Amino acid sequence: MVLTGPSGGAARDTVLVLDGGPAHPGSRGGYTVRSPECPRETRPRLSKFHAPEIVFGPDSLPESAHAAVRLGAHRPFVVTDPGVTEAGWPAELLRHLRSAGMRPQLWNEITPNPKDHEIQAGFERYRDSGCDVVVGIGGGSVIDAAKGVALLAANGGAIGDYEGIDRISHPIPPLVMVPSTSGTGADVSQFCIITDTARLTKITIMGRALVPDVSVIDPRLLVTMPDWLNAATGLDALTHGIEAFVSLAHGPLTDTHALHAVALVHANLPTTMIRRRDDGPRTAMAQAALEAGLAFTNAILGATHAMSHQVGGMLDLPHGLINGILLPHVIRFNGAQESARFVPIAQAMGLPARPGMPGDEAVDMVATEVRKLADEVGVPTGLGAIGVRESDVPRLALLTLGDACLTTNPRTASAAQIEDLFREAL
């Protein structure tokens, strides 16, 4: 990728390269900035780290009202869904917003894997209500929908017009996000994932403008998740951590968060399935989701997400569940060519890995342990069990090749290889 100047032409002296050059001993890949004359081995690295203001901890929900006030809200647009509404969290949020002198407008007409027509309807409600700041309270679907509404509020058009990277021209309304699940990382990310109902696929919209202004993470909200959602979002966080750590765009700032997220999910997800109200494990999972989100929004992801987006768009199923099925297969695929990065991952998971051990052993350890964890939380072993057919594979593979997440996968994948991965996962 070439770093462009203000006029859109190539910058005169600097090139931004996404490549496999060393970041530090034992690492691979990342963003590198160099002048064309600079020898490869001496060029410095450039890392960018996007993050919102973060408020973290039990009973932090009232802080979302203070954040909205600081961002200039008078009539905040509160986005949520029927399930979160039933759990009671939006009602508590509305009380805090009103107590701070605001007149909030509630919109809760979002379904899982938010659809393009839902985003359009939300934008029209936002516009007609004369709102200013957007507050999302819910899981990844709600937060993505809130981002989509804000995007259209400032830029117009249809949500599909913004598929891809950095296609947002105008600043969007301020965003305050309050996650109610422990895995999507949408509350800190520069991603917005929307279902294109015409093509039956998920589109990825990516850009700095989509990073929320404030993320308020209150672990209390996680206790109302049903078990299936707890499992799915937990495996999503694990996938974020692993894929961010091996991504071509990883760096020292993302590595720390990615590995800690992997360790926290591995140690705490099973406990939250059994004792959902235990404060320690639940808070640890909230932190895991946060750190995994910080890692992947900066390092991006890989083939697991690129493939999962297509299955989720076709079948309208939980994203994290699909990740849990695909991840062991992608680990083995990537590890066949790039295995050394899986040694620290195995260590983070508490497996008997040691520095300097053969990377292929670590790859096998990690893939096996991921599948074991998926079994423990009740995730099916194959895509066939959730409705994917052999006849779907060529179309899914073709769509995968166009997904932005595939660009940072550590191993290049052809259409035939993606098809093989889908078939292995059936």
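The values are calculated or read from the model by the stated rules, or taken from the named source; none is laboratory data. Predicted model only: the values in this text are computed from it and were never measured. Note that each Cβ is placed from the backbone with ideal geometry, even for glycine, and that neighbours are counted across all protein chains shown. Surface areas here come from the heavy atoms of the whole protein model, side chains and all, with no ligands, DNA or RNA. Shrake-Rupley method; radii C 1.70, N 1.55, O 1.52, S 1.80 Å.
Computed values, structure above
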| item | result |
| --- | --- |
| FRET efficiency for ARG411 and THR381, using Cβ-Cβ distance with R0 set to 30 Å, rounded to 0.05 | 0.80 |
| Simple Cβ-charge dipole of the chain, Lys/Arg +1 and Asp/Glu -1, about Cα centre, in debye nearest 20 | 580 |
| Degrees, to the nearest 10: 116-129 long Cα axis against longest axis of the chain | 30 |
| Dipole-positive endmost among SER64, MET307, LEU259 within the chain (Cβ charges, Cα centre) | SER64 |
| Net dipole in debye of the range 71-211 [+1 Lys, Arg Cβ; -1 Asp, Glu Cβ; about Cα centre; nearest 20] | 300 |
| Net lengthening on full extension, ARG70/GLU53 (0.36 nm per residue, minus Cα-Cα) | 4.9 nm |
| Percentage of interatomic Cα-Cα distances in the range 166-230 larger than 15 Å | 62 |
| Under 18 Å from the GLU424 label point (7 Å along Cα→beta-carbon), backbone N, the range 315-335 | 322-335 |
| Mean projected area in nm² (Cα convex hull; one quarter of hull surface) for the range 281-334 | 4.4 |
| Solution diffusion estimate, µm²/s, Stokes-Einstein, the range 226-270, Kirkwood Rh from C-alpha pairs, 10 °C, viscosity 1.306 mPa s | 148 |
| Antiparallel DSSP beta bridges within the range 168-239, percent to nearest 5 | 75 |
| Top of GLU163, GLU118, GLU92 by mean-square fluctuation, Gaussian network on the chain, Cα under 10 Å | GLU92 |
| Expected-Rg normalisation [2.2 N^0.38 Å, Cα atoms] applied to the range 244-359 | 1.10 |
| Probe 1.4 Å, accessible area per residue of the chain, Å² | 38 |
| Choice from GLY140, GLY402, GLY324 with maximal GNM fluctuation in the chain (Cα, 10 Å cutoff) | GLY402 |
| Relative counts (whole %) of C-alpha pair distances in the chain, using bins that are 20 Å wide | 28, 59, 14, 0 |
| For the chain, calculated [θ]222 nm from helices alone, where every DSSP H run of n ≥ 4 adds -39500 (n - 2.57) | -14500 deg cm²/dmol |
| Estimated FRET transfer efficiency when R0 is 30 angstrom, pair VAL223-LEU253 (beta carbons, to 0.05) | 0.45 |
| Between the range 173-239 and the range 334-384, the Cα center-to-center distance that results, in Å | 25 |
| Distance in nm between pseudo-label sites at ARG276 and THR368 (7 Å out along the Cβ direction from Cα) | 3.3 |
